[in-house]
Amino acid sequence: QRADRKQISEMERWWFQRLVSTPRPLEEKLTLFWHGHFATGYRSIENSYHMYLQNMFFRQNAMGNFKEDLVRGIIHDPAMIKYLNNDQNRKSAPNENLARELMELFTLGEGEGYTEDDINEGARCLTGYTEEDDEFVFRNQQHDTGTKRIFGRSGNYDGDDFVDRIFTRSNASRFIIEKLYRYFINDLPHGDTTESRAFVLALGNLLKRKGWELRPIIESIFLSEHFYDETNMNSIIKSPIQLIVQATRTLNPPHRSNMVRTLAIASDFMGQRLFAPPSVKGWDGGRSWINTSTMFMRQNTLLYLLTGQRPD
């Protein structure tokens, strides 16, 4: 356990260094987005290699297919299975954690388009989905093969069928587009306007037309007039990691001993630590990043980049 905790600390510094030096910054920024969206914390699973595998999965599918790559992939991910206790999900005693968060936090939104019965039936679909020796394993003897009724339709569904049923709901496209909108365009309260709602609706329709492919959505965001509208300038409060990484890439400070470690500690003090989101909801973001303590640390961290004077 001591060795594994040492390794997750090394991984944290490795990812920080990669964020700062990558020639593919959008890919890393999206990897960070998916880490916050499909939030998984190391402390609950105590397996640094599973966290590494998940991190690489997010990077490989950063602009892939939301349904087929990311959502379908996350129910087969060893770290997520362990984090949400689906390794304990058996037909004799269904565990609802993964089924609930799959709809509530990952695809549809809290209370949007599903019922408690849908959660119960979804949990039955995911029985037998577990992990062993760093890989996904389906245990047929633990899977409930009975008929399930989800969103008003019945069938002998498994976990992959459950994903298919989720993506028949109308708000499956809107929910993820709204999160991408807040991440890239405007996360302040005044950002919710008639224009922003129309833009989100148009992108949601595009996502469905493109078969849940994310690349056309990212391209449409960056090529839109809406992205460059004055009302959307200076309208995102950077997360601690975004603040540090973007400032470091811009200022290009001289290399200092233990600089990456210092920046990782500073980010933690400001409320964001890689591989350690506070809960399955991820980080709240927006104005939650700002209070009297974090503002002080944000200033000191930038002073450190400029002068070498440590934040503490």
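The values are calculated or read from the model by the stated rules, or taken from the named source; none is laboratory data. Bear in mind that the values here come from a model prediction, so they are computed numbers and not experimental data. Cβ sites come from the backbone with ideal geometry, for glycine too, and all protein chains shown count toward neighbours. What goes into the accessible areas is simple: the full protein's heavy atoms, side chains included, and nothing from ligands, DNA or RNA. Shrake-Rupley method; radii C 1.70, N 1.55, O 1.52, S 1.80 Å.
For the pairs K82/K210; K148/K179; K91/K179; K67/K179, flag any whose C-alpha to C-alpha distance is greater than 27 Å.
K82/K210; K148/K179; K91/K179
How much accessible area per residue does the chain have, in Å², with a 1.4 Å probe?
Here the residues of the chain average 48 Å² of exposed surface.
To the nearest 20 debye, what is the magnitude of the charge dipole of the chain about its Cα centre, counting +1 on the Cβ of each Lys and Arg and -1 on the Cβ of each Asp and Glu?
So the magnitude is around 740 debye.
Name the long-range amide H neighbours of Y157: under 5 Å, sequence gap of 5 or more, or other chain; modelled H, no Pro or chain starts.
Those lying under 5 Å, H to H, from Y157 are K148.
Would you please give the residues with an amide H less than 5 Å from that of V137, counting only those at least 5 places away or on a separate chain, with H modeled from the backbone geometry?
Under 5 Å from the amide H of V137: T130, E131, E132.
Measuring from centroid to centroid over Cα atoms, what is the spacing of the stretch 244-306 and the stretch 95-149 in Å?
Rounded to whole Å, the Cα centres lie 35 Å apart.
For the chain, what relative contact order do you get, as a whole percent, if you take Cα pairs closer than 8 Å and at least 6 residues apart?
This gives 20 percent for the chain.
Packing-wise, with mean Cβ within 10 Å as the measure, how do 258-268, 192-202 rank, highest first?
Details: 258-268: 18.7, 192-202: 14.6.
Packing proxy ranking, top to bottom: 258-268, 192-202.
Pop out the ³J(HN,Hα) list for the stretch 224-237 in order, Karplus 6.51 cos²θ - 1.76 cosθ + 1.60 with θ = phi - 60°, rounded to Hz; leave Gly and Pro as x.
Listing the rounded values in order: 7, 5, 4, 4, 9, 5, 4, 5, 9, 7, 6, 10, 10, 7 Hz.
Over the chain, with every protein chain in place, what whole percent of the accessible area is carbon and sulfur at 1.4 Å, could you tell me?
47
Which order do the peptides 218-227, 294-303 take when ranked by the mean count of other beta-carbon atoms within 10 Å per residue, highest first? List each step's numbers first, then the result.
Working: 218-227: 14.0, 294-303: 16.0.
Going from most to least packed, we get 294-303, 218-227.
So how do 129-138, 6-15 stack up, highest first, on mean other-Cβ count within 10 Å? Present the calculation step by step, with values, prior to reporting the outcome.
Working: 129-138: 14.0, 6-15: 16.8.
My ranking of the peptides, most packed first, is 6-15, 129-138.
Compare the Cα positions of L32, G159, A79 along the charge dipole of the chain (+1 at Cβ of Lys, Arg; -1 at Cβ of Asp, Glu; about the Cα centre) and return the one farthest towards the positive end.
L32
In percent, what relative contact order does the stretch 202-312 have, based on Cα pairs under 8 Å that are 6 or more apart in sequence?
Once divided by the residue count of the stretch 202-312, the mean separation gives 26 percent.
Mind listing the long-range amide H neighbours of T127? Cut-off is under 5 Å, sequence gap 5 or more, other chains count too, H placed in the peptide plane at 1.01 Å from N.
D144
Could you give me the ³J(HN,Hα) list for the stretch 163-171, computed from phi with Karplus coefficients 6.51, -1.76, 1.60 and θ = phi - 60°, whole Hz, x at Gly and Pro?
4, 4, 5, 4, 7, 8, 7, 5, 8
I'd like the Karplus ³J(HN,Hα) series for the stretch 144-158: coefficients 6.51, -1.76, 1.60, θ = phi - 60°, whole numbers in Hz, and an x wherever there's a Gly or Pro.
Taking θ as phi minus 60°, the curve returns 7, 8, x, 6, 10, 10, 10, 6, x, 10, 10, x, 8, 7, 10 Hz for the stretch 144-158.
Using the 2.2 N^0.38 Å rule of thumb for compact globular proteins, work out how the stretch 48-154 stacks up: its C-alpha Rg over that value, please. Intermediate values should be presented prior to the final figure.
Details: Rg = 13.9 Å, N = 107, 2.2 N^0.38 = 13.0 Å.
Taking N as the residue count of the stretch 48-154, the ratio is 1.07.
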